[in-house]
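Let me begin by presenting the structure, written as structure tokens, before commenting on it.
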Amino acid sequence: MSAITLTEEQQKVVEHFGAPLRVLAGPGTGKTLCIIERIKALVNQRKIQSNTICAITFTNAAAGELRSRLERAGIKSDVLPYVNTLHGFAMGILKNHLQRAGLKAGFRPVYGIIQRILTEDVVEDLRHKNVKLNRNDIRDYVCAQLQEKSKAGIPSHLSSDPGKIKTLREFSKHYHENLEFYNAVDWADVLHKAIDLIDSYSDVKTEVHSKTQYLLVDEYQDLSPLEQEFVEKICGDATGLCIVGDDDQCIYETFRFAAPQGIIDFPKKYKNAGLLYITLCRRCPPKVIEPALKLIQNNKKRVHEKVLIPFNKDKRGFVVTLLKKSKKSEKEWLVSTILDLLNKKYQYQDIMILFTDSKIAKDYIIALKEANIPLDVQLTVSNIFQTEYFVWLMATVKWLVNNNDNLSMRQCLAYAKQIGTETIRHLRLEALASDSSLWEVIENVTQNPKAFRKMRQRNKVIAFHSYLLALQNIKKFSDIAESFFAYLPETKEDKGCNELLEHLKRFDGQDEAVKLPDILEDFEQRIDSGELENKHKKEPKEVRVMSMHSAKGCEAPIVFIPALEDDIIPGTYTSNIEEKRRLFYVSLTRAKVGVYLTWAKQRTGQEIHMHDRKMLDKKQSRFLDEICP
């Protein structure tokens, strides 16, 4: 392996020790390289014990990639530091101290789709108390509860209304009662419980601090106030703490309650902290960096002295802003321009198209496909193991491992045909009353349907029981997934489901040597390590169509950003314009050569129903005004 030459800025990051350190690294400046070289310096030059070094990443995939790069950089696997996500670290603490944390064996964290399923139970419970919530209400209360738990406060439109606060408390009460029934903990409570253990037990604190004498935290700007508190709790005296991030790239403030102020105010919390910048951008040319900086400098909540400098000043690049008469003409121009680029020196994988919203992208995708342009569409779920179909199949396998696992059974009921939340509530209340599992209640319904006459969908429950019973009698491991596909044919194309199918196939015919629980545990370990997710993150071969959020961490020579009207971005009802501006800044800085920015004077389709229903006389985004005054 050839030696890596660090810039002077990067070398300072690697060599700084003896005090907390904040590193502000702009887009394309090589922050991951700095983290790797800093860990190498700790292990190889300073001879620090690897079991006292901990690196925290934002996702499992990022953790897996960092481990791989450390090994490729020469860190042997037996001295590899602990690398995990923040929640993975917290889960380790809870599993080591179950009883003290007030948890039962086999508890599971819930998030994403599973959390949505449990929310359906809460809504049904409240409906029986004459509290009826529409879709917007549900979204508001779910977000408010998570926001409060994340220590980001309660949205003002709820906190100022006593009636809504009362409903929020009732919502939260039922939510936590259901979590207890399902032996589950949501991610925010995982952190709260881990913090409580550190605060309450000196031996736990000592154990944790021994592992984090040198703590590196990546993407610090995307941590919520609760997550920042957790970092503070686990790092002891903070002498070896190093945080890396960029306040200008905080784009999860609304969705994950990220708090960019934390990285901005880091010097106030740690008075002796070192403050370093990585400013040389190897990705973007000057003509991309200049408007990006013009844009982001309009944000007040940022570190103003930070700059971004092109590494190669001779590679000029371009940013082009174009007005189109209509969405139709914008689509036609997009297709023809991409085809023109492909006829020149560019390949499919050199092109990225970014949208503020997946619904807006739909008509553009149709036009691109009609032109036979191959696409890799990543608008919603970028992690193949977080799709609804995969969650359902995993729940099915987990239920086969343990029929009395209520959480898995509840997820199976989510895909059961014609079984609604009212029937599921009936099953849940019966399980609570009889101290039984959901499966035991379902068996009772099947064996004695007359005793459940009030359950209007009991025949559907009986039919689903037959499907589950057939699954129990399957001998060939891969037939579990095949039976699931037969029940739900639309799941056959799901990448995560097919990954699990291939994993099960590996063990077909070995049922005497290995059992399903071991196969499942092996698969989950591979997911948690990031190995399987990174396996699917191959070098792109098609034109990528992505949401602005999913594009973070990606790059391409040419970037197109269509539909840049003001009522779309930042939007008519935006509550945090600075976050939207950061999102646009991140989108601009994906480009290695140039960016095409387009908008339409008139627009039809789904997007006019998402905003102010205005079809004609659209205005360009105010962000375009800021970069091209």
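The values are calculated or read from the model by the stated rules, or taken from the named source; none is laboratory data. Bear in mind the structure is a predicted one, so any value in this text is a computation, not a measurement. All Cβ positions, glycine included, derive from the backbone under ideal geometry; neighbour counts span all protein chains shown. Accessible surface is based on the protein model in full, side chains and every heavy atom, while ligands, DNA and RNA are left aside. Shrake-Rupley method; radii C 1.70, N 1.55, O 1.52, S 1.80 Å.
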### Task
Select from the range 125-137 the residues that are surrounded by fewer than 19 Cβ atoms within 10 Å (Cβ to Cβ) and either over 25 Å from the mean Cα position of the chain (by Cα) or modelled with pLDDT of 95 or more (or both) and list them in ascending order.
Arg127, His128, Lys129, Asn130, Val131, Lys132, Leu133, Asn134
### Task
Confirm whether Ala556 is in contact with a Leu (Cβ under 6 Å, 6 or more places away or on another chain) and more than 30 Å from Asp479 (Cα to Cα).
no
### Message
So in the range 533-576, with the set limited to residues that are of a type in the set (S, T, N, Q) and under 14 Å from Asp376 (Cβ atoms), which one is farthest from the chain's Cα centre (by Cα)?
### Response
Ser547
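Table: residues versus (1) basic (Lys, Arg); (2) modelled with pLDDT of 95 or more; (3) surrounded by fewer than 20 Cβ atoms within 10 Å (Cβ to Cβ); (4) over 23 Å from Pro489 (Cβ atoms).
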position	(1), (2), (3), (4)
Asp376	no, no, yes, yes
Met394	no, yes, no, no
Lys398	yes, yes, no, no
Asp405	no, yes, no, yes
### Query
Within the range 227-251, can you find the residues that are under 30 Å from Thr356 (Cα atoms) and either surrounded by fewer than 20 Cβ atoms within 10 Å (Cβ to Cβ) or β-branched (Val, Ile, Thr) (or both)?
Ile243, Val244, Ile251
### Summary
Flagged in the range 1-41 as out of contact with any Lys or Arg (no Cβ under 8 Å at 6 or more places or on another chain), of a type in the set (Ser, Thr, Tyr) and crowded, with 24+ Cβ neighbours inside 10 Å, in numbering order, are none
### Task
Select from the range 182-226 the residues that are outside any helix (DSSP H, G or I), crowded, with 18+ Cβ neighbours inside 10 Å and over 22 Å from the mean Cα position of the chain (by Cα) and list them in ascending order.
Tyr182, Thr212, Gln213, Tyr214, Leu215
### Query
In the range 92-115, which residues are in a helix (DSSP H, G or I) and modelled with pLDDT of 95 or more?
Gly92, Ile93, Leu94, Lys95, Asn96
### Summary
Those residues of the range 480-531 which are touching a helix residue (DSSP H, G or I) at 6+ places or on another chain (Cβ under 7 Å), polar (S, T, N, Q) and more than 23 Å from Ser68 (Cα to Cα) amount to Ser483, Thr491
### Query
If you check Ile462, Ile424, Ile419, which single one turns out to be of a type in the set (Val, Ile, Thr) and surrounded by fewer than 18 Cβ atoms within 10 Å (Cβ to Cβ)?
Ile462
### Task
Identify, by number, the condition in (1) closer than 25 Å to Lys31 by Cα; (2) out of contact with any strand residue (DSSP E or B) (no Cβ under 8 Å at 6 or more places or on another chain); (3) not aromatic (Phe, Trp, Tyr) that Glu370 doesn't meet.
(1)
### Query
Using beta carbons and a limit of 7 Å, which pairs, at least six apart or on different chains, have the first residue in the range 96-113 and within 13 Å of Tyr182 (Cβ to Cβ) and the second one open to solvent by 50 Å² or more (accessible area, probe 1.4 Å)?
Pro109/Trp187
## Note on the structure
Note on the range 112-141: residues in contact with a Phe, Trp or Tyr (Cβ under 6 Å, 6 or more places away or on another chain) and either basic (Lys, Arg) or farther than 18 Å from Thr254 by Cβ (or both) are Val122
### Of residues in the range 445-459 being open to solvent by less than 70 Å² (accessible area, probe 1.4 Å) and not hydrophobic (A, V, I, L, M, F, W, C), the one nearest to Gln510 (Cα to Cα)
Thr446
### Task
Looking only at the range 171-181, decide whether some residue is in contact (Cβ under 8 Å) with a residue 24 or more places away in the chain, open to solvent by less than 10 Å² (accessible area, probe 1.4 Å) and of a type in the set (Ser, Thr, Tyr).
yes
### Query
Could you list, in sequence order, the residues of the range 143-170 that are assigned to a loop (DSSP other than H, G, I, E, B), open to solvent by 40 Å² or more (accessible area, probe 1.4 Å) and hydroxyl-bearing (Ser, Thr, Tyr)?
Ser160
### Query
Under 7 Å by Cβ, and 6 or more places apart or on different chains, what pairs join a residue from the range 457-471 that is in contact (Cβ under 8 Å) with a residue 24 or more places away in the chain with one that is open to solvent by 40 Å² or more (accessible area, probe 1.4 Å) and among the polar types (S, T, N, Q)?
Gln457/Gln418; Lys460/Gln418
### Task
Please specify each residue of the range 293-320 satisfying the condition of being modelled with pLDDT of 95 or more and among the polar types (S, T, N, Q).
Gln297, Asn298, Asn299
### Query
Given the conditions (1) assigned to a loop (DSSP other than H, G, I, E, B); (2) of a type outside the set (Phe, Trp, Tyr); (3) within 30 Å of Arg526 (Cα to Cα), which single one is not true for Leu393?
(1)
### Query
What helices (runs of 4 or more DSSP H) completely inside the range 261-333 contain at least 3 residues that are surrounded by 15 or more Cβ atoms within 10 Å (Cβ to Cβ) and either among the hydrophobic types (A, V, I, L, M, F, W, C) or touching a strand residue (DSSP E or B) at 6+ places or on another chain (Cβ under 7 Å) (or both)?
286-296
### Query
Are there any pairs with C-beta distances below 8 angstrom linking a residue in the range 396-408 that is assigned to a helix (DSSP H, G or I) to a residue that is among the small types (Gly, Ala, Ser), with the two at least 6 apart or on different chains, and if so which?
Thr396/Ser408; Lys398/Ser408; Trp399/Ser408; Asn406/Ala431; Asn406/Ser437; Leu407/Ala184; Leu407/Ala395; Ser408/Ala395
## Note on the structure
In the set Tyr214, Tyr220, the lone residue that is touching a Ser or Thr at 6+ places or on another chain (Cβ under 8 Å) and within 23 Å of Val14 (Cα to Cα) is Tyr214
### Query
Residues that are over 27 Å from Glu531 (Cα atoms): which helices (runs of 4 or more DSSP H) entirely in the range 1-86 hold 3 or more of them?
8-15
